[in-house]
Structures are given as C-alpha cells and as structure tokens.
Amino acid sequence: MEYTIGFSTGVFYKEKDILESIEFLNTLPGNAIELNFLKKEELFKTIQKITPDMLEKFTYISLYAPKYSYGNDELTRDIFREIQKFQKINQMHLDAIVIHPNTIWDFKVLEKYSLPLAFENLDAREESGIYRTPQGLSQLKKQFPSVRFVIDVNHIYTIDPTMKLAQKFYDALDDNIAQYHLSGCENKYHAPLYKNKQKEIIKAMKNPDIIPIIIESVLRPNEALKEYEYILANL
C-alpha cells in the first residue's frame with residue numbers, strides 16, 4: 001500500500017534550521033513535507049530562500065503558519081502576503097496552511113485571503129477547551145465551509161489515551177480532513193514513536209492511505225529513518 005507521508009522540518013529544530021532540514025529530508029524516504037514556520041521571524045527571514053528545486057521531490061507540501069494572534073492588523077496581513085508571494089514567485093500551490101484556531105482573534109480576516117487554510121485540533125493544554133473537541137471543530141466547519149482540518153493524533157492522545165475520541169473527530173469532520181500530524185506522546189509533548197512503541201496512536205488514523213501524514217516526532221537526524229520505518233511497519 002502506498003502512502004503520502006513525510007516529516008515536518010520542525011522535528012529537527014534542536015539541531016537544524018529550516019533550510020538545513022529541507023536539504024536533509026531530501027536524503028530520506030518520504031514524499032511529503034511540512035515547512036514549519038512556528039516563529040514569524042523565521043518566516044520573513046527564510047521563506048523566500050526556498051526554491052522549487054528544493055521541494056521537487058515532494059508531492060505534498062504543507063506549511064505550518066507562525067504562532068501569532070491573527071486579526072485585523074498589519075502583521076497578520078504581512079504574514080499572509082508573504083505566504084502568497086512565496087506561492088506566486090515559485091508558481092507553487094501549497095496543499096495546506098496549518099493554523100491553530102485559538103490563535104485567531106478575528107476570524108473575518110481569513111476571508112480576505114485565498115489560501116488553503118487548515119485548522120488543527122489542539123491538545124489537553126488548550127485553555128478554552130473548545131478547539132480540542134470534535135464539537136469545537138465542527139462549529140468551525142459550519143462557520144468556514146471552505147476551510148479544512150488537520151487531525152493531530154498526538155493531541156487526541158493527550159486527552160484520551162484509549163484513542164476512542166479519534167472516531168468522534170472523524171465523524172464530525174468527515175471528508176474535510178486535509179492531513180494528519182503524527183507523533184508519539186511523552187508528558188503531553190511530541191516524542192518518537194519508535195522509542196515509546198505507541199502503536200495505538202498510529203492505528204488510530206483513519207484512511208492513512210488516502211489522507212497525507214506529516215510526522216512531528218521531535219528527533220535527532222540519526223533517528224529519522226528509524227521513526228519512518230517504525231511508522232510504516234505499523235500503518
């Protein structure tokens with residue numbers, strides 16, 4: 001069975017910057033990649049240095065939007081314009097732009113940009129408790145029919161280690177799921193699956209042969225292939 005699967009550049013954040021991570025991921029198996037711009041400064045500094053030839057190996061490309069309080073302000077507009085510019089210059093269509101719904105204080109601003117936004121379910125630490133539930137994301141689905149969703153199975157695990165909650169997310173979002181975020185879980189943080197042997201997290205993904213998978217386990221570079229092979233063996 002074939003899968004659309006690969007790593008986020010953020011998994012190597014302790015040892016590599018984004019450009020170094022892209023170069024390294026070109027040496028690994030996998031046909032998907034997520035460009036992690038958790039810090040807005042990194043987006044403005046780096047995104048226009050990424051060229052099409054650096055990503056031509058990958059058939060699925062997503063981008064993790066910076067952590068920022070998005071609203072009707074100039075910095076929000078600058079962030080989205082920078083992403084639009086990246087797509088236009090490189091004649092590239094990003095498959096998904098991942099954003100945490102709890103970082104948005106004015107949702108109307110999203111309607112101004114033609115971008116493939118995808119809201120992510122949050123983990124047990126999310127203070128409001130709204131966006132870590134199927135009901136919360138279902139409400140966003142009704143409010144923004146064109147926006148898709150990212151299911152982070154690690155985040156579900158932080159709330160329900162039995163992973164039964166996962167099915168409720170699938171029922172609520174149906175065919176609006178753009179991709180998965182996959183990693184092991186240790187103290188509510190992203191950890192290597194191959195070390196923790198948490199097969200139940202991998203097995204909880206519905207239709208992994210159809211929905212792209214982005215690996216978010218925090219790894220050293222020499223662990224990446226072990227993680228990839230462990231996941232494939234348990235899909």
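Results, tabulated for the structure shown:
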read-out	value
In segment 87-108, residue surrounded by the most Cβ atoms within 10 Å (Cβ to Cβ) [restricted to those that are in contact (Cβ under 8 Å) with a residue 40 or more places away in the chain and either acidic (D, E) or touching a helix residue (DSSP H, G or I) at 6+ places or on another chain (Cβ under 9 Å) (or both)]	D95
Residues located in segment 1-40, provided they are assigned to a loop (DSSP other than H, G, I, E, B), over 18 Å from L182 (Cα atoms) and not hydrophobic (A, V, I, L, M, F, W, C)	K14, E15, K16, D17, N26, T27, K39
Long-range neighbours under 7 Å by Cβ, at least six apart or interchain, first residue farther than 24 Å from T9 by Cα within segment 65-86, second surrounded by fewer than 14 Cβ atoms within 10 Å (Cβ to Cβ) and of a type in the set (F, W, Y)	G71/W105
Failed item, numbered, when K57 is tested on (1) basic (K, R); (2) within 20 Å of the chain's Cα centre (by Cα); (3) loosely packed, with under 14 Cβ neighbours inside 10 Å	(3)
Subset of segment 190-202 that is under 17 Å from A166 (Cβ atoms) and either of a type in the set (S, T, N, Q) or out of contact with any helix residue (DSSP H, G or I) (no Cβ under 7 Å at 6 or more places or on another chain) (or both) - its residue that is surrounded by the fewest Cβ atoms within 10 Å (Cβ to Cβ)	E200
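Each row is one residue, and each column tells you yes or no for (1) farther than 20 Å from Y64 by Cα; (2) modelled with pLDDT under 95; (3) exposed (fewer than 14 other Cβ atoms within 10 Å of the Cβ); (4) touching a Lys or Arg at 6+ places or on another chain (Cβ under 7 Å).
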residue	(1), (2), (3), (4)
D174	yes, yes, yes, no
S183	no, no, no, no
N187	yes, yes, yes, no
D209	yes, no, yes, no
S217	no, no, no, no
L232	yes, no, no, no
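The values are calculated or read from the model by the stated rules, or taken from the named source; none is laboratory data. Owing to the predicted nature of the structure, the values given are computational and were not obtained by experimental measurement. Note that we place each Cβ from the backbone using ideal geometry, even for glycine, and neighbour counts take in every protein chain shown.
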